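K.L.:
Input: one structure, supplied below.
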There are 2 protein chains.
Amino acid sequence: MLVIKIGGSLTDFDPLLRDIAACREPLVLVHGANKELNELSARLSHPPRMVTSERGEISRFTDAITMDHFLMAYAGKQNKRIVERLRAVGANAVGLTAMDGGIAIGRRKPHLRIKEGGKVKILHGDHSGSIERIEPKLLRLLLDNGYLPVITPPAISHEGVAINVDGDRLAMEIASALQAERLLIFADTPGFMRDVSDERVERVAEYGTGRARVKLLAAAQAIRRGIKAVGLLDGRGEHPLMRAFEGAGTWVTT
Amino acid sequence: MLVIKIGGSLTDFDPLLRDIAACREPLVLVHGANKELNELSARLSHPPRMVTSERGEISRFTDAITMDHFLMAYAGKQNKRIVERLRAVGANAVGLTAMDGGIAIGRRKPHLRIKEGGKVKILHGDHSGSIERIEPKLLRLLLDNGYLPVITPPAISHEGVAINVDGDRLAMEIASALQAERLLIFADTPGFMRDVSDERVERVAEYGTGRARVKLLAAAQAIRRGIKAVGLLDGRGEHPLMRAFEGAGTWVTT
């Protein structure tokens, strides 16, 4: 079993979706829609507000209006255009958010401590959180019946509120819950480095910045949870999945 | 088994969703997002273009950009806010479009013959169509496993393209394919008339105009296909589902 993540900044999904439709191994596809959301928010006069946490992590402040736009971009346009394309090329795709069927349940952190201009500030009304539990029942039901689940954030809080969660971490948590053998993370970059061994990846993550750091930490955690191989891969160009199977990209293995 | 349709012009879904979550009978919820789409399209500088067919039927011209907005409004915001709310009040909701898992397959009519200023014109590039087949496998799988499917247009064409289909007809086709006993159509109107019998509904439909006519024709067709009762109901106010069970609204029965 495979879990494949497509980054929301990738502009042309088509070669990857064709490869996915041709893949015989059961798989779950997880995707983001970061670029789509930024564009939509700007057009709807509610531009993205990126904030830096006390720990130095950059995240999106997701107020209720941003969550509406998030749902439009992630669950609406991106998820369904992917499902449409996959079905057109022969895959039996079913698109869901991680809220549907309670796939990913997490804790909402409504108050966000941020650093702005050297000062610590608290922002209220954030709709973000971290995943605490994966309920794999619906995903297994779909996989066992020949469907290809296409999953996107948001997840849902214990109180039943949509929460913005990191897409890479969602993919990792799903891979772990389904005991997937491999997790393949495609982005619009050529991978990170060559031959990263498990022992060194935590240290490597210290050097990585921003998104690369999050990806490497998710990869390291996936390995600790029993996934045999995590690929950080280039989603651009022809046959990206086939190239990954042939060994291209950065692989973290046990 | 019940199929419940919520019209996209209803503004406060909450009382109905609470009743639905409390309902013990297995059910499928179908919804639209007409109002949401009109607002979004206007804000994104691509206002809705309603056209009149040669036969006098009013429909939305759905070019590729409108379909993007359609997916955002129907599959994104509306579908997921309904799923979120249902989950918060205890229902095990799963939101899908009729494309997912190939639930509703139809024929796309890319060229639309319209009447405009007394003249017949042809508009190209429409993404609308009519449902030709329901594949109930995914819906049954979800119902048999305790999920509440929440379904919205679009459907998918034989070629794998998203098509705008009428939400009332989608609900009727799903009810028919699942051999539902009752189809309940909620809108922001107090029903149509009192005591409509099956024999007269086709004639009644001649007098109805616009949306009312489409609803009555769908109701008549549902009855011919073996659904025992179709309710045209008021979705506003407290406990709309309970009131419908008590006999409020317009019912078409065998």
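The values are calculated or read from the model by the stated rules, or taken from the named source; none is laboratory data. What you see is a predicted model, and the numbers here were worked out from it, not measured in a lab. All Cβ positions, glycine included, derive from the backbone under ideal geometry; neighbour counts span all protein chains shown. Ligands, DNA and RNA are excluded from the accessible area calculation, which covers all protein heavy atoms including side chains. Shrake-Rupley method; radii C 1.70, N 1.55, O 1.52, S 1.80 Å.
K.L.:
Taking the alpha-carbon centroid of each part, what is the distance from region A:62-87 to region A:116-143 in angstrom?
P.N.:
Taking the Cα centre of each part, region A:62-87 and region A:116-143 sit 16 Å apart.
K.L.:
Next up: Suppose R0 equals 35 Å; then what is the FRET efficiency for A:LYS137 and B:THR11 from their Cβ-Cβ distance, rounded to the nearest 0.05?
P.N.:
So the FRET efficiency works out to roughly 0.55.
K.L.:
Given B:LYS77/B:LYS215; B:LYS77/B:LYS121; B:LYS35/B:LYS77; A:LYS5/A:LYS228, which pairs have Cα atoms separated by over 22 Å?
P.N.:
Numbers: B:LYS77/B:LYS215 25 Å; B:LYS77/B:LYS121 34 Å; B:LYS35/B:LYS77 12 Å; A:LYS5/A:LYS228 16 Å.
In this structure, B:LYS77/B:LYS215; B:LYS77/B:LYS121 exceed 22 Å between Cα atoms.
K.L.:
Could you work out, residue by residue across A:82-88, how many beta carbons of other chains sit within 10 Å of that residue's beta carbon, and then give the average as an integer?
P.N.:
What the average comes to for A:82-88 is 6.
K.L.:
Moving on to the next point. Accessible area per residue for region A:14-138 in Å², computed with a 1.4 Å probe and the full protein assembly in place, what is it?
P.N.:
Ligands and nucleic acids excluded, the result is 42 Å² per residue.
K.L.:
Turning to a different aspect of this structure: Using only DSSP helix segments of four residues or longer, with each worth -39500 (n - 2.57), what per-residue ellipticity at 222 nm results for chain A after dividing by its residue count and rounding to 500? Working shown, then result.
P.N.:
Values: 9 runs with 86 residues, N = 254.
Calculated from helices alone, the mean residue ellipticity at 222 nm is -10000 deg cm²/dmol.
K.L.:
Whenever you get a sec, line up B:VAL28, A:VAL161 from highest to lowest accessible area (probe 1.4 Å, protein heavy atoms). Walk me through the numbers before you get to the answer.
P.N.:
Working: B:VAL28 0, A:VAL161 35 Å².
Per-residue accessible area, sorted high to low, gives A:VAL161, B:VAL28.
K.L.:
To the nearest 10 square angstrom, how much accessible area does B:MET50 have with a 1.4 angstrom probe?
P.N.:
The accessible area of B:MET50 comes to roughly 100 Å².
K.L.:
Same structure again: Between chains B and A, what is the buried accessible area in Å², counting both sides, with a 1.4 Å probe and ligands, DNA and RNA left out, to the nearest 100? Show your work: numbers first, answer last.
P.N.:
Numbers: alone 12380 and 12380 Å², together 21480 Å².
Looking at B and A, the buried total is near 3300 Å².
K.L.:
Among A:THR97, A:SER157, A:ALA220, whose Cα sits farthest toward the positive end of the charge dipole of chain A (+1 at Cβ of Lys/Arg, -1 at Cβ of Asp/Glu, about the Cα centre)?
P.N.:
Of A:THR97, A:SER157, A:ALA220, it is A:SER157.
K.L.:
Still on this structure, I have one more. If you count the DSSP beta bridges with both ends in the protein assembly as shown, what percent of them are antiparallel, to the nearest 5?
P.N.:
Taking every DSSP beta bridge with both residues in the protein assembly as shown, the antiparallel ones total about 45 percent.
K.L.:
Work out the mean other chain Cβ neighbour count within 10 Å for the residues of A:66-75 and drop it here as an integer.
P.N.:
That works out to 6 on average.
K.L.:
Looking at chain B, send over the antiparallel percent of its DSSP beta bridges, to the nearest 5.
P.N.:
Percent antiparallel among DSSP bridges in chain B is about 45.
K.L.:
Can you give me the % of accessible surface on chain A that is carbon or sulfur? Probe 1.4 Å, all protein chains present, nothing else counted.
P.N.:
Solvent-exposed carbon and sulfur of chain A make up 49 percent of the total.
K.L.:
Relative to a virtual label point 7 Å from the Cα of A:CYS23 in the Cα→beta-carbon direction, which members of region A:225-253 show backbone nitrogen distances below 11 Å?
P.N.:
A:231, A:240-245
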